[in-house]
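Derivation of every value follows stated rules applied to the coordinates shown; laboratory data play no part. Computed from a prediction, not measured in an experiment: that's the story for all the values here. Here the Cβ is made from the backbone with ideal geometry for all residues, glycine too, and neighbour counts use every protein chain on show.
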Amino acid sequence: MDTTAASTSSTSPISSAGAAPLKVAVILGSNRDGRFGPVVADWFLGRAARHPGIETDLIDVAEAGLPTAITFSPGPEEAARLVAVSERLAAADAFVVLTPEYNHSFPAPLKTLIDWHSAEWQAKPVAFVSYGGISGGLRAVEQLRQVFAELHTVTVRDTVSFHNAGALFDDEGRHRDPGPADAAAKVLLDQVVWWGTALRDARKSRPYGA
Ligand SMILES: Cc1cc2nc3c(=O)[nH]c(=O)nc-3n(C[C@H](O)[C@H](O)[C@H](O)COP(=O)(O)O)c2cc1C
């Protein structure tokens with residue numbers, strides 16, 4: 001199975017009420033050799049492309065390759081890697097984190113990407129699409145809510161989760177029973193657009209005082 005998500009960005013043809021499309025950074029949180037994450041990413045980006053008023057930017061922790069040792073004086077190579085990701089996070093109005101569950105939590109490379117940043121997250125919504133074995137990644141999501149509260153975000157109530165994810169998709173990455181998952185993605189994206197638009201307007205009218 002391909003371990004690279006197919007597309008990196010898309011723009012929905014319709015934006016809400018003539019406003020600029022909401023910029024949604026979709027963060028793929030797994031970098032494991034042979035990972036399933038790109039299947040979930042491609043599925044989600046397909047749903048997002050059909051949702052009015054948003055444009056997506058896929059940020060893959062495997063491509064970002066951020067160092068695990070955080071430093072306030074990164075060398076030139078580390079700084080270049082960092083800025084490539086930081087600018088895209090800063091440009092986003094909202095985030096959707098795609099996370100598997102590893103040992104009842106979220107993957108280390110996802111936490112590395114989170115910890116390298118601070119202001120980029122602030123006063124923006126974060127939603128979650130999770131996958132895993134029997135848990136569907138739900139424990140990873142609940143732990144991520146605590147992490148993102150520290151970073152002055154609003155986490156979106158509804159999630160999409162895939163239990164025993166590998167069995168839910170065919171070899172082409174198509175969901176075998178797409179209806180309920182598509183409906184869950186729509187609910188999540190509606191909430192992302194509501195929070196993302198409200199907080200974008202709020203940040204414009206008054207800088208967030210963290
Ligand atoms: C190190 C490791 C720990 C895991 N722990 C859990 C777990 O605690 N709960 C669960 O439901 N699935 C668990 N799984 C299954 C993964 O969530 C599942 O294989 C998922 O596809 C991993 O995402 P990835 O393929 O994108 O890396 C674990 C997998 C790995 C590799």
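Here are some notes:
- Test: ASP177 is buried (at least 18 other Cβ atoms within 10 Å of the Cβ) and of a type in the set (D, E, K, R): no
- Residue within segment 89-101 that is polar (S, T, N, Q) and under 11 Å from the mean Cα position of the chain (by Cα) present: yes
- Unmet criterion (only one of (1) touching a strand residue (DSSP E or B) at 6+ places or on another chain (Cβ under 6 Å); (2) surrounded by fewer than 23 Cβ atoms within 10 Å (Cβ to Cβ)) for THR71: (1)
- Residue count for segment 96-123 satisfying the condition of being surrounded by fewer than 19 Cβ atoms within 10 Å (Cβ to Cβ), of a type in the set (S, T, N, Q), more than 8 Å from the ligand (Cβ to nearest atom) and farther than 16 Å from ALA84 by Cα: 1.
- Residue match in segment 18-35 (condition: within 24 Å of ARG157 (Cα to Cα), of a type in the set (S, T, N, Q) and within 16 Å of the ligand (Cβ to nearest atom)): yes
- Residue pairs meeting the criteria (Cβ under 9 Å; at least 6 apart or on separate chains; first within 10 Å of VAL39 (Cα to Cα), in segment 167-181; second in a loop (DSSP other than H, G, I, E, B) and of a type in the set (A, V, I, L, M, F, W, C)): PHE169/PHE36; ASP171/MET1; GLY173/MET1; GLY173/ALA6
- Filter result for VAL129 (under 18 Å from PHE36 (Cα atoms), among the hydrophobic types (A, V, I, L, M, F, W, C) and touching a Phe, Trp or Tyr at 6+ places or on another chain (Cβ under 9 Å)): yes
- Segment 124-145 - residue that is more than 16 Å from the ligand (Cβ to nearest atom) and buried (at least 18 other Cβ atoms within 10 Å of the Cβ) and, of those, nearest to VAL160 (Cα to Cα): ALA127
- Any helices (runs of 4 or more DSSP H) falling wholly within segment 51-141 and containing at least 2 residues that are small (Gly, Ala, Ser): 61-64, 76-91
- ILE59 being in contact with a Lys or Arg (Cβ under 9 Å, 6 or more places away or on another chain) and in contact (Cβ under 8 Å) with a residue 60 or more places away in the chain: no
- Some residue of segment 30-45 being aromatic (Phe, Trp, Tyr) and part of a loop (DSSP other than H, G, I, E, B): yes
- Flag if VAL187 is farther than 13 Å from VAL126 by Cα and among the β-branched types (Val, Ile, Thr): yes
- Considering segment 151-167, and only residues there that are surrounded by fewer than 18 Cβ atoms within 10 Å (Cβ to Cβ) and in a helix (DSSP H, G or I), the residue that is farthest from the ligand (Cβ to nearest atom) turns out to be ALA167.
- Residues of segment 113-146 satisfying the condition of being farther than 24 Å from LYS186 by Cα and under 14 Å from the mean Cα position of the chain (by Cα): LEU113, ILE114, GLU120
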